[in-house]
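> Structure incoming, see below.
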């Protein structure tokens, strides 16, 4: 793994997920559809794109340190879209059920 591979991994893993948390909080504060919703979904798309580049061009790894495959990437796509969608849906429809 070179410097570019490390930057890619930090981008999709740390930066991407941190951005999702920030956008989710901003969406919750706003309470209605806004540009933050678009940014949230674009962030998910960017995470998946950067992860794909990491795997196909830079020998990306799984959490166990094994070389990742496109099968691992497809699992990541399904998981991130599902979890991201559930969180986004809860923010817009059920957030009020959880305390505020």
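The values are calculated or read from the model by the stated rules, or taken from the named source; none is laboratory data. As the structure is a prediction and not an experimental result, all values here were calculated from the model. Virtual Cβ from ideal backbone geometry, glycine too; neighbours counted across all protein chains shown.
> Which residue is nearest to residue 12 (Cα to Cα), if the candidates are limited to region 41-81 and must be touching a strand residue (DSSP E or B) at 6+ places or on another chain (Cβ under 8 Å) and in a loop (DSSP other than H, G, I, E, B)?
60
> Which of the residues that make up region 17-34 are part of a helix (DSSP H, G or I) and in contact with a helix residue (DSSP H, G or I) (Cβ under 8 Å, 6 or more places away or on another chain)?
17, 19, 20, 23, 24, 26, 27, 28, 30 - these are the residues of region 17-34 that are part of a helix (DSSP H, G or I) and in contact with a helix residue (DSSP H, G or I) (Cβ under 8 Å, 6 or more places away or on another chain).
> Filter region 64-86 down to the residues that are surrounded by 14 or more Cβ atoms within 10 Å (Cβ to Cβ) and at pLDDT 95 or above, then identify the one that is farthest from residue 45 (Cα to Cα).
Here the residue is 72.
> What's the number of the condition residue 38 fails, among (1) under 17 Å from the mean Cα position of the chain (by Cα); (2) outside any helix (DSSP H, G or I); (3) closer than 22 Å to residue 92 by Cα?
Residue 38 satisfies all of (1) under 17 Å from the mean Cα position of the chain (by Cα); (2) outside any helix (DSSP H, G or I); (3) closer than 22 Å to residue 92 by Cα except (2).
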